Amino acid sequence: MTGLPFFDERAVERVLCVAAHPDDLEYGASAAVARWRARGIDVSYLLLTAGEAGMRSRPPHEVAPLRAGEQRAACREVGVDDLVILNFPDGTLEAGLPVREAIAGAIRRTRPQVVLTQPWDLDVSWGLNHADHRAAGIATVDAIRDADNPWVFPGLREQGLEAWGTRWLLVAGAEPDHLIDVSGEPLEQAVRSLQAHREYLAEIGGDFDPRTMLEEVTAAAAAQAAPAARGSVTHALGVKAYRMG
């Protein structure tokens, strides 16, 4: 068994991360973000909803700003300054044209070589995937192609957002075919970024521990590396990589 290869990030200058809710990127992806930022790669976050329906004990008009504040704190832990939170409805997100246009606009604005998003499969490793996560993932696939076509969403061109072709789509949480080394400080930053969602995690309750979860998931991914890399790489983010252009 040869093991999984590491994603080649040497030519990457900019990354756009697209997710449905505040906290979605903190369950592993933010460790890769911390690594990229330490290497001088620009990273932008696009969250399609404010996660306003995510806390049963509080009404949405209170939850939206709370979760936005926690997300800004999470971004600071991994060095992300460019955070955009849209107002599509939490819980009923659809992968339709408005969402695709919003993502395509963000791609044209940030001009990334890599877009990272969530899996669109129903059945994922942790159970049945959330409807919003599935919608965010599949809308991102379509929006990457939309962003590269100058005749799709002409209103974006009128805003000065010219077509842009993204080279790679990375899906965190899907069955991986590549790894990203997040050993050491990137993992520590990721733990702090997830812990920044303090009130949201308290609302979820249970015995969930951010450090234990992230260490276990990334250690299991690192174990899939080639034997020669296993000594130096203790923790990794597994991603499914699609060449887009």
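The values are calculated or read from the model by the stated rules, or taken from the named source; none is laboratory data. What you see is a predicted model, and the numbers here were worked out from it, not measured in a lab. Cβ sites come from the backbone with ideal geometry, for glycine too, and all protein chains shown count toward neighbours. Only protein heavy atoms, including side chains, enter the accessible area calculation; ligands, DNA and RNA are left aside. Shrake-Rupley method; radii C 1.70, N 1.55, O 1.52, S 1.80 Å.
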* **Filter result (of a type in the set (G, A, S) and either surrounded by 20 or more Cβ atoms within 10 Å (Cβ to Cβ) or assigned to a helix (DSSP H, G or I) (or both)) within the range 222-240** => A222, A225, A228, A229, A236, G238
* Pair list, Cβ under 7 Å, 6 or more apart: the range 171-185 residue touching a residue at least 24 places away in the same chain (Cβ under 8 Å), other residue hydroxyl-bearing (S, T, Y) and open to solvent by less than 30 Å² (accessible area, probe 1.4 Å) -> V171/T117; V182/T218
* Structure fact -> Looking across the range 9-52 at residues that are open to solvent by 10 Å² or more (accessible area, probe 1.4 Å), in contact with a His (Cβ under 9 Å, 6 or more places away or on another chain) and assigned to a loop (DSSP other than H, G, I, E, B), the single one that is farthest from A147 (Cα to Cα) is E52
* Just wondering, is there one or more residues in the range 73-92 that are among the acidic types (D, E), open to solvent by 60 Å² or more (accessible area, probe 1.4 Å) and touching a Lys or Arg at 6+ places or on another chain (Cβ under 7 Å)? -> yes
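Let's see how each residue does on (1) over 19 Å from A50 (Cα atoms); (2) not hydroxyl-bearing (S, T, Y):
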residue: A95; (1), (2): no, yes
residue: P98; (1), (2): no, yes
residue: R111; (1), (2): yes, yes
residue: T117; (1), (2): no, no
residue: F153; (1), (2): yes, yes
residue: D177; (1), (2): yes, yes
residue: E185; (1), (2): yes, yes
residue: R198; (1), (2): no, yes
* Has the range 188-196 got at least one residue that is in a strand (DSSP E or B), touching a residue at least 60 places away in the same chain (Cβ under 8 Å) and open to solvent by less than 60 Å² (accessible area, probe 1.4 Å)? -> no
* Asked: Of all residues in the range 200-216 being surrounded by 15 or more Cβ atoms within 10 Å (Cβ to Cβ) and not hydrophobic (A, V, I, L, M, F, W, C), which is farthest from T117 (Cα to Cα)?
  -> E203
* To do: Answer yes if at least one residue in the range 134-155 is surrounded by 21 or more Cβ atoms within 10 Å (Cβ to Cβ), more than 19 Å from F7 (Cβ to Cβ), touching a residue at least 24 places away in the same chain (Cβ under 8 Å) and out of contact with any Asp or Glu (no Cβ under 9 Å at 6 or more places or on another chain), and no otherwise.
  => yes
* Which residue, of A74, A64, A104, A68, is small (G, A, S), under 20 Å from H133 (Cα atoms), touching a strand residue (DSSP E or B) at 6+ places or on another chain (Cβ under 8 Å) and in a helix (DSSP H, G or I)? -> A68
* To do: Would you check if there is a residue in the range 207-221 being in contact (Cβ under 8 Å) with a residue 12 or more places away in the chain and in a loop (DSSP other than H, G, I, E, B)?
  => no
* Asked: Taking only pairs six or more apart or across chains, which ones have beta-carbon atoms under 7 Å, a first residue in the range 67-91 that is more than 18 Å from H197 (Cβ to Cβ), and a second residue that is modelled with pLDDT under 95 and outside any loop (DSSP other than H, G, I, E, B)?
  -> none
* **Residue count, the range 170-187 (criterion: of a type outside the set (A, V, I, L, M, F, W, C) and open to solvent by less than 10 Å² (accessible area, probe 1.4 Å))** => 0
